[in-house]
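Student: What follows is a single structure, and I will ask about it in a moment.
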Amino acid sequence: MQDDFTIRSHDKSLSKLFDDFYLVPDYQREYVWEEVQVEQLIEDIHAEFSSDNGHNREYFIGSIVVCLKPAGVFEMIDGQQRMTTAYLFLCAVRDHMNEHRLNAIQELEQKIATAGIDESGRDVFRYRVELQYEDSAEVLRRIAEGSDGLEQLPSTRSVVNIRNAYELLRAFLDREFATDEQSLRRFYSYFMTKVKLVRIEAPSVAHALKIFETINDRGIGLDSMDLLKNLMFMKAAPTEFDKLKREWKKLIDTLHKAREKPLRFLRYFIFATYDVDRLRQDEIYAWFVKNEERCGYENDPVGFVRTLLEVARDYVQFLKGKDASGQPNRYLENLRYLSGAARQHLILLLAARHLDTESMTQLCRNVENLFFAYLITREPTREFERKFAQWTSELRSVDNATDLEAFLSRRFEPELRELSERFDLALETLDAKSIQKYRMRYLIGKLAQHANELAYPGETGQTRLDAFINSALDIEHILPQRPSSGALQEFDKPDEADSWIQRLGNITLIEKTLNAALGNKPFSQKKEVYPRSKFLLTTTIGESARVGKNTAVDRAISELGLVPYESWTSREIADRQNRLRQIARKAWDIPEPSP
């Protein structure tokens, strides 16, 4: 029996953790993770699982602090973001398998909910994770029980974030596994048995809160970054300690302010600098130890740390959408909106940080195009990360525009041509459920930008993608997400409306001020509003928008193949999706497939 003063910690797999029940009390903060954090967690786990022999390695995702309450329920003091997200993943796997009619995983329902006992010893049905704070509005329970009507819940911060997290996880499963039951089962097994947390159990809430405060104040454990710091001090003379300490602090502060993972930076630094194309995160420190001669830190540890700091500053500028000098770069800004938790493109950018502004801009334009093509065609991350790392030695030797053009012709153009057919297929079948929301916004914004740049050349603001995806704009579903009876009456396949609503061809960009007038009205009324939009892709849905012979607008409409629609049925949605696919090939410079 645990006494009043004992604090215990247990290294547990998610499978073991979800043998117990957890309660997030009403005084805890709400669920604050957004799509980027959720995507980063699941993609990192999947990347580890997919790496060489990764299915045999354990993956640590942190700690949780709990206090055991009556009836065997753990009150969660710290870690609810990770635990709630992991729980949502279990619900997503169950619902994905049900939707695709795959054979159910027998243990899964028990990990989501099962019978327990209350304080009186009576049998009760319990969900493994329950949120008590008001902001959650029972959204997690609704998802756990498989209920519909989530959109009818109040739009609190937690409700929105949890719904988005669940939808992102469903989209991840659709992208990575679809109906491949065997692969999904293997990943589920890895997720449950190899992904681990440390559960710290305190004897009281007061003790638990103190532990939480201590962990967050001091941190726990040493990683490769800490070990590398120690290595630098081992190599430095005592007279250099103060200087080394200051430079190291600048390095850590630079990455911390950008909310960037130091170990990811170190790994990409190695890829970009030292002709290495395979390196796991847990191998970073050992690599530095074995490659002292290549790095040169033994003779000049302070100089080596200054090099790291210089590269880190450029790295952070790239993350901000700027070049190494701090000047805005439209293609780096675009990559910010596209990449989310993905950062592989930074391997190339670090290798090319020496380029002049014009060459760097040209490279970034091509990086954006290729990176989008990889993501939209679901190219495995580990595959193109390795390619990027392999290309860095060539890129480091590029000195001028001619060299850069040769490099792009040698490396980028064959990749894009190889992806061309898959790109078409991806755009032909794309719907909102198969792509993250922020990437759908990027995609629609980029298409709208491309059309407007052709139609209104030289107009202020056309070169900034922010003008096409900012908070004053909405993603508009032409056949509404919650269609009125009138909208369904005009649609030819009302029983299939849900699937057509999410298709790319049914989506456009609209100003919030105009969207308020659209609502869930039928197309016959909406098409009178669309011509008032400033976006050519939207304007032309309702009317031709031609303004005269041989004008930029008319040339753009002809080049893009834009046409107005008299009605809005499945035929029009399919037609518009095909037209958007063709526009996408031009917007991202996708060449024709190889003969």
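Student: Whose amide H sits under 5 Å from the amide H of F74, counting only residues 5 or more places off or on another chain, with H placed in the peptide plane?
Tutor: It is F21, Y22, L23, K69, by chain and number.
Student: Of the listed values (i) 89, 74, 49; (ii) 80, 62, 45; (iii) 83, 70, 42, grab the one calculated as Cα extents along the principal axes in Å from the structure here.
Tutor: Computed from these coordinates, Cα extents along the principal axes in Å corresponds to label (iii).
Student: Please give the contour-minus-distance gain from K586 to E394: 0.36 nm per residue of separation, less the Cα-Cα distance, rounded to one decimal in nm.
Tutor: Details: separation 192, 0.36 × 192 = 69.12 nm, distance 2.76 nm.
Fully extending the segment from K586 to E394 adds 66.4 nm.
Student: A further question follows. What are the residues whose amide H is under 5 Å from the amide H of L473, where those residues sit 5 or more places off or on another chain and H is modelled from the backbone?
Tutor: K512
Student: Need one number: convex hull volume per residue for the stretch 321-413, Cα atoms only, in Å³.
Tutor: Spelled out: Cα convex hull of the stretch 321-413, divided by residues, is 84 Å³.
Student: Let me ask another. With +1 on the Cβ of every Lys and Arg and -1 on the Cβ of every Asp and Glu, and nothing else charged, how large is the dipole of the chain about its Cα centre, in debye rounded to the nearest 20?
Tutor: With Lys and Arg at +1 and Asp and Glu at -1, about 740 debye.
Student: Moving to a separate point now. Three principal axis extents, largest first, for the C-alpha atoms of the stretch 432-587, in Å?
Tutor: Computed over the Cα atoms, the extents are 45, 34, 29 Å.
Student: Still on this model: Taking the Cα centre of the stretch 432-587 as the origin and placing charges on Cβ (Lys, Arg +1; Asp, Glu -1), which of L465, Q481, F523 is farthest toward the positive end of the dipole?
Tutor: Comparing the listed Cα positions along the dipole, L465 ranks first.
Student: Go through the stretch 75-107 and name the GluC sites (Glu not before Pro) that are in a DSSP coil and have 16 or fewer other Cβ atoms within 10 Å of their Cβ. Write out the running numbers ahead of the final one.
Tutor: Values: sites: E75, E99, E107; in loops: E107.
Here the sparse-neighbourhood loop sites are E107.
Student: Between their Cα atoms, which of K69/K196; K235/K322; K16/K229; K111/K521; K235/K257 are more than 31 Å away from each other?
Tutor: Among K69/K196; K235/K322; K16/K229; K111/K521; K235/K257, the Cα-Cα distance tops 31 Å for K235/K322; K16/K229; K111/K521.
Student: Quick one: order S183, S13 by neighbouring beta-carbon count within 10 Å, fewest to most.
Tutor: Starting with the residue having the fewest Cβ neighbours, the order is S183, S13.
Student: Further question: Suppose we look only past 32 Å in the calculated P(r) of the stretch 8-218. What percent of the Cα-Cα pairs does that tail hold?
Tutor: When every Cα pair of the stretch 8-218 is considered, 14 percent fall beyond 32 Å.
Student: Which of M225, M234, M83 comes first, and how do the rest follow, when ranked by fewest Cβ neighbours within 10 Å? List each step's numbers first, then the result.
Tutor: Numbers: M225 18, M234 9, M83 25.
Ascending number of Cβ neighbours within 10 Å: M234, M225, M83.
Student: Just how far, in whole angstrom, is the stretch 138-207 from the stretch 36-88 if you go by their alpha carbon centroids?
Tutor: First find each Cα centre; the distance between them is then 10 Å.
Coordinate-derived values only; no laboratory data. Computed from a predicted structure; not experimentally measured. Positions of Cβ are backbone-derived with ideal geometry, glycine not excepted, and every protein chain shown enters the neighbour counts.
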